[in-house]
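Report on the following structure.
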Amino acid sequence: MTTLSPQHFGIIGAMEPEIELLKNAMSNLQTQTFGKILIYHGKLDGKDVSLCLSGIGKVNAAIATTLLIEHFSPDCVINTGSAGGVGAGLAIGDVVIGDTVAHHDVDVTAFGYVHGQVPQQEARFNSHHALVNAAVAASDGQAVHHGLIVSGDQFIHDNDKLAEIRAHFPDVMAVEMEAAAIAQTCTVLGKPFVIIRAVSDTADGGAEISFEAFLETAAVRSAERVRALIQAI
């Protein structure tokens, strides 16, 4: 098992509320624009940080991750933001560390791949163990869970769709729209990563109402865990 001592962190969030707390805490802030993707570079808790506003969805996330890695060369990548919490015992505001990540909306099973597996890619992508361990250890007694996070280009707000996802991924803890693309891109480009998400809704029939009400809460909780990780590792 390899150790990790990053001094330069790449951080990606899909929406402005998901990166706002981190951006406001940074010093020596510089901004670069790549089309519709913004990357802020500066200092956070004494470390170099390149903070990316990617936009929503897997394509935006993959583009943003590639730009972040190729132009800024961080030692590792952290994905922060909100998610639908579907694991047992999860409550609004709880943090889920994605130690494994998968696509829930990929189906090439006709050719012998497992559900969610992109051809010639891993079925599940693994966050770096040192980043996962540090994120869990830095929880300071707050509710932090770790497990499988699955991604798709859909906001899950339907019990039937959620049941379909659970049928393919019985161990799923959370669902969202970017993490698997970030994980796949980091894996392809050889960059350590970890996914840190906080629960904004429960991906059921009332998910859109809960999401609107609790996005800020989830964004703050996730950003707090990101800062705790940066300070601890």
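The values are calculated or read from the model by the stated rules, or taken from the named source; none is laboratory data. Predicted model only: the values in this text are computed from it and were never measured. Note: ideal-geometry Cβ built from the backbone for every residue, glycine included; neighbour counts use all protein chains shown.
Odds and ends about this structure:
- The residues of the stretch 15-57 that are in contact with a helix residue (DSSP H, G or I) (Cβ under 6 Å, 6 or more places away or on another chain) and part of a loop (DSSP other than H, G, I, E, B), listed by number, are Asp45, Ser54.
- Some residue of the stretch 43-60 being without any contact (Cβ under 8 Å) to a residue 60 or more places away in the chain, over 15 Å from Ala179 (Cα atoms) and aliphatic (A, V, I, L, M): yes
- Within the stretch 186-223, the set of residues being at pLDDT 75 or above, over 16 Å from Thr80 (Cα atoms) and touching a Phe, Trp or Tyr at 6+ places or on another chain (Cβ under 9 Å) comprises just one member, Thr187.
- Comparison of Gly152, Gly190 shows that the only residue that is closer than 21 Å to Ser54 by Cα, surrounded by fewer than 23 Cβ atoms within 10 Å (Cβ to Cβ), free of Cβ contacts under 8 Å to residues at least 12 places away in the same chain and not charged (D, E, K, R) is Gly190.
- Filtering the stretch 126-139 to residues that are surrounded by 18 or more Cβ atoms within 10 Å (Cβ to Cβ) and part of a helix (DSSP H, G or I) leaves Ala130, Leu131, Val132, Asn133, Ala134, Ala135.
- Residue in the stretch 159-170 that is at pLDDT 95 or above and buried (at least 19 other Cβ atoms within 10 Å of the Cβ) present: yes
- Residue list for the stretch 91-125, restricted to those being surrounded by 15 or more Cβ atoms within 10 Å (Cβ to Cβ) and not in a loop (DSSP other than H, G, I, E, B): Val95, Val96, Ile97, Gly98, Asp99, Thr100, Val101, Ala102, His103, Phe125
- Restricting attention to the stretch 84-113, the residues that are modelled with pLDDT under 95, under 17 Å from the mean Cα position of the chain (by Cα) and of a type in the set (Gly, Ala, Ser) add up to 4.
- Of residues in the stretch 46-75 being surrounded by fewer than 23 Cβ atoms within 10 Å (Cβ to Cβ) and in contact with a Lys or Arg (Cβ under 7 Å, 6 or more places away or on another chain), the one nearest to Phe169 (Cα to Cα): Gly55
- Only one of the numbered conditions (1) closer than 19 Å to Ala223 by Cα; (2) part of a strand (DSSP E or B); (3) free of Cβ contacts under 8 Å to residues at least 60 places away in the same chain is violated by Ile12, and that is (3).
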